[in-house]
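The values are calculated or read from the model by the stated rules, or taken from the named source; none is laboratory data. Nothing here was measured: the structure is a model prediction, and the numbers come from that model. Glycine gets a Cβ as well: all are built from the backbone with ideal geometry, and neighbour counts include every protein chain shown. Quick note on the areas: whole protein, heavy atoms, side chains included, nothing else; ligands and nucleic acids left out. Shrake-Rupley method; radii C 1.70, N 1.55, O 1.52, S 1.80 Å.
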Amino acid sequence: MLMNLSEVLWRERHLLELLVFKLEEEQLIITSGRTRWLSHATREVENVLDEIRAADLGRAIEADEAAVMLGLEPGCSLNTLASAAPAPWDELLRAHRDAFCSLTAEIASLGAGNRDLLAISHKAAQEALAGLQKSVMTYDDSGQSAAQTAVAQLVDRAM
């Protein structure tokens, strides 16, 4: 039982590492400003997330079976399983847990960073498009709509 659980945990760790890679790849595309491949990168991230969801179900099943074998309640944490497991499984399960914590923190950071970069890029694109209009509609002091010609514009070419 513990061997099966460890195999499933290795698979899940591999998938989490692949997700980190795909998020970094997505970030590189965003920061390069060459967004031609952004939809492909995003789809690859989503595909890895789907694989992780499927692996998560397998891990839950194996973890519950291992818990029952060790006299624990199904649904217990990996840390609880490690505490009840005999050597060398206890250390291996703790190593998996530590790796999951580290990878999860890295994924959360990359995901937040990518969302921020996309929001900044979106705002810059909106501002650039708004600046391309030949005239800007505003209101004069009587409340009537008045067109004004656009004034000098600053374009951030880094985006």
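Counting only heavy atoms of protein chains, what accessible area per residue, in Å², does the chain have with a probe of 1.4 Å? Can you show the working numbers first?
On the way: 10640 Å² over 159 residues.
Ligands and nucleic acids excluded, the figure is 67 Å² per residue.
Here are a few candidate values for Rg/Rh (Cα atoms, Kirkwood Rh): [x] 0.98; [y] 2.07; [z] 1.29. Which one was actually calculated from the structure I just gave you?
Checking each listed value against the structure points to [z].
Among Gln27, Gln126, Gln144, which one moves the most in a GNM of the chain with springs linking Cα atoms closer than 10 Å?
Judging by the Gaussian network model, the answer is Gln144.
Considering only protein heavy atoms, what is the solvent-accessible area of Thr31 at a probe of 1.4 Å, reported in Å² to the nearest 10?
Its accessible surface works out to 80 Å², give or take rounding.
Return one number: the angle in degrees, 0 to 90 and rounded to the nearest 10, between the long axis of the Cα atoms of helix 89-131 and the longest principal axis of the Cα atoms of the chain.
Here the helix axis deviates by roughly 10 degrees.
Could you report the accessible area of His14 in Å², rounded to 10, computed with a 1.4 Å probe on the protein chains as they sit in the structure?
Taking all protein chains as shown, His14 has close to 100 Å².
Within the chain, what is the longest stretch that has no trypsin sites (Lys or Arg not before Pro) placed in a DSSP loop and near at most 16 other beta-carbon atoms within 10 Å? If you can, show how the numbers build up before the last one.
Details: sites that count: Arg34, Lys134, Arg157.
The reported range is 35-133.
Along the positive direction of the dipole of the chain (beta-carbon charges: Lys, Arg +1; Asp, Glu -1; about the Cα centre), which of Ala55, Ala119, Gly131 reaches farthest?
Of Ala55, Ala119, Gly131, it is Gly131.
Ignoring any ligand, DNA or RNA, what whole percent of the accessible area of the chain comes from carbon and sulfur when the probe is 1.4 angstrom? Intermediate results must be reported in sequence, preceding the final value.
Values: 6060 of 10640 Å².
Percent of accessible area from carbon and sulfur atoms in the chain: 57.
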